[in-house]
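The values are calculated or read from the model by the stated rules, or taken from the named source; none is laboratory data. Treat the numbers as computed from the prediction; the structure is a model and nothing was measured. In this analysis, Cβ positions are derived from the backbone assuming ideal geometry, glycine residues included, and neighbour counts consider all displayed protein chains. SASA here: full protein model, heavy atoms, side chains in, ligands and nucleic acids out. Shrake-Rupley method; radii C 1.70, N 1.55, O 1.52, S 1.80 Å.
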Amino acid sequence: MSAAKFGELLLERIRAEGPITVEAYMAACNAHYYATRDPLGSDGDFTTAPEISQMFGELVGACLADCWRRAGAPPHAVYAELGPGRGTLAADALRVMGKAGFGGDVHLVETSSTLRRRQAERVPGASLHARIEDLPPAPLLLVANEFLDALPIRQWVAGDERVVAADGERLGFVGEGEVREDSPARDAAAAAVANHLARHGGVALIIDYGHARSAPGDTLQAVRSHRFADPLAEPGEQDLTAHVDFEALAGAVSGSRVAVSGPVGQGDWLKRLGIEQRAQSLIASNPGKRHDVEEAVRRLCAEEQMGKLFKVLAIRQPSWPEPIGLAP
Ligand code: SAH
């Protein structure tokens, strides 16, 4: 289906059938958006941490490998990733994990056929799955970077669920006032990961942008060509995300037998894992890259960049060690 067609059909459907919830709108738009393109990188719509620098994936890999070794290096543990994008994070992490002796299978959870193709090229031999529940019954070394922010949220105004309605040729929100958000889709994803960890062991690193404590506010946003856009303009043509509520996530896994650590800011976490030292060694082996490497450290760690808004939460089976850098 062409891009224009998707937006037209959505508008037609809303006109014929009436308003749809923000949750249904976000789910439909993002399904179309991710299925029809690779949105990452400088000529795409947005750039994620692993696309900024190999250091990000390497430090995630070092963190997971360290947990695995301290857990006794179980040979049947697998690397798992949710929403792996171009497969860059997996490739960088697995290189470091391989050096640490990890040789387990690789399992990627991805729904976009376009991105699945890229992941298969980048991480040959990986098994692809549509759902978290399809991961194998083995201890997981799991990471999800900027996965949850793309899953749909619900919005509530004075107790009523906020909807998107047709207003002539345009779409508009119905419901003005203080907005509260929640996300059954994210809660279900976190609970599925936690249930798997509780049964089979392992650790999960959830990395995303959002707030440590639940608070009211409309955080739905659209990004296109690296700029903020109107979330109701050009449905299915721009990335729709919303802040991840880490307090709600911790609540969603509280019924499973797991231990939760964090969240901590991405900047502090990467520094505790040794990003400065990694940067110095990259510069030493390639002095011409000094500026790029230093700029990448700044983008990943500076408070006004990704260092504070992006956060890391760890979930683990209680018999597994706490990942480095997550203790307060
Ligand atoms: N983790 C990558 C990509 C982030 S973009 C990175 O850091 O670069 C979001 C990713 O989640 C994409 O790979 C997208 O296709 C995937 N995704 C979005 N919704 C999904 C869903 N419901 N199930 C599985 N994957 C999904």
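Projected onto their three principal axes, the Cα atoms of region 227-328 cover extents of 50, 47, 20 Å, largest first. Computed from backbone phi with θ = phi - 60° and the Karplus coefficients 6.51, -1.76 and 1.60, the 3J(HN,Hα) list for region 40-55 is 8, x, 5, 9, x, 9, 8, 10, 9, 3, x, 7, 6, 7, 4, 4 Hz; x is used for glycine and proline. For 58, 295, 133, the ranking by accessible surface with the largest value first comes to 133, 295, 58, using a 1.4 Å probe. If R0 equals 45 Å, the separation of the Cβ atoms of residue 8 and residue 283 corresponds to a calculated FRET efficiency of about 0.30. Annotation: aspartates and glutamates with alpha-carbon distance below 17 angstrom to residue 99 (same-chain offsets under eight excluded): 58, 66. For region 246-292, the Cα gyration tensor yields ellipsoid semi-axes of 37, 10, 8 Å (square root of five times each eigenvalue, largest first, whole Å). Within the chain, the proportion of C-alpha pairs whose separation exceeds 31 Å stands at 31%. Available extension along the chain between residue 131 and residue 21 is 37.3 nm, counting 0.36 nm per residue and deducting the alpha carbon span.
Among 273, 309, 263, whose Cα lies farthest out toward the positive end of the dipole of region 241-328, if unit charges sit on the beta carbon of Lys, Arg (+1) and Asp, Glu (-1)? Towards the positive end, the residue furthest out is 273.
Region 110-183 and region 233-289 have Cα centres separated by 17 Å. Amide H contacts of residue 41: 46, 47, 48, each under 5 Å away and 5 or more positions distant or on a separate chain (H built 1.01 Å from N in the peptide plane; Pro and chain starts excluded).
Only lysines eight or more places from residue 311 in sequence, or on another chain, were considered; those with a Cα closer than 21 Å are 271.
Based on the Kirkwood approach, the hydrodynamic radius assigned to region 113-179 is 16.3 Å, with every pair of different Cα atoms included. An ellipsoid equivalent to region 1-156, defined through the eigenvalues of its Cα gyration tensor, has semi-axes of 34, 16, 13 Å when rounded to whole angstrom and sorted largest first.
Using only DSSP helix segments of four residues or longer, with each worth -39500 (n - 2.57), what per-residue ellipticity at 222 nm results for the chain after dividing by its residue count and rounding to 500? Taken over the chain, the calculation gives -12000 deg cm²/dmol. Convex hull volume of the Cα atoms of region 143-197, normalised per residue: 103 Å³. Each residue of region 164-171 is assigned a 3J(HN,Hα), and the resulting list reads 10, 10, 8, 10, x, 8, 10, 9 Hz, derived from the Karplus form 6.51 cos²θ - 1.76 cosθ + 1.60 (θ = phi - 60°), x at Gly and Pro.
Each Lys and Arg Cβ is given +1 and each Asp and Glu Cβ -1; about its Cα centre, the chain then shows a dipole of about 1300 debye.
Projected onto their three principal axes, the Cα atoms of region 12-90 cover extents of 59, 30, 17 Å, largest first.
In 10 Å bins starting at zero, report the fraction of Cα pairs in region 272-328 per bin as a rounded %. Answer for region 272-328: a P(r) of 20, 38, 28, 13, 1 percent. Our coupling estimate for region 199-207, obtained by passing each phi through the Karplus curve with A = 6.51, B = -1.76, C = 1.60 and θ = phi - 60°, is 7, 10, x, x, 9, 10, 10, 9, 10 Hz, Gly and Pro reported as x.
Per residue, the average separation of C-alpha pairs within less than 8 Å and at least 6 apart gives region 1-140 a relative contact order of 24 percent. Extension gain, residue 70 to residue 99, is 8.9 nm, computed as 0.36 nm per intervening residue step minus the present C-alpha separation.
In a simple Cβ point-charge model (Lys, Arg +1; Asp, Glu -1; nothing else charged), region 83-134 has a dipole of about 240 debye relative to its Cα centre.
When 291, 226 are compared by accessible area at a 1.4 angstrom probe, the order from most to least is 291, 226. Dipole check for region 154-278: with +1 at the C-beta of Lys and Arg, -1 at the C-beta of Asp and Glu, and the Cα centre as origin, the magnitude is about 820 Debye. Projecting label points 7 angstrom from Cα along Cα→Cβ for residue 304 and residue 121 puts them 3.7 nm apart.
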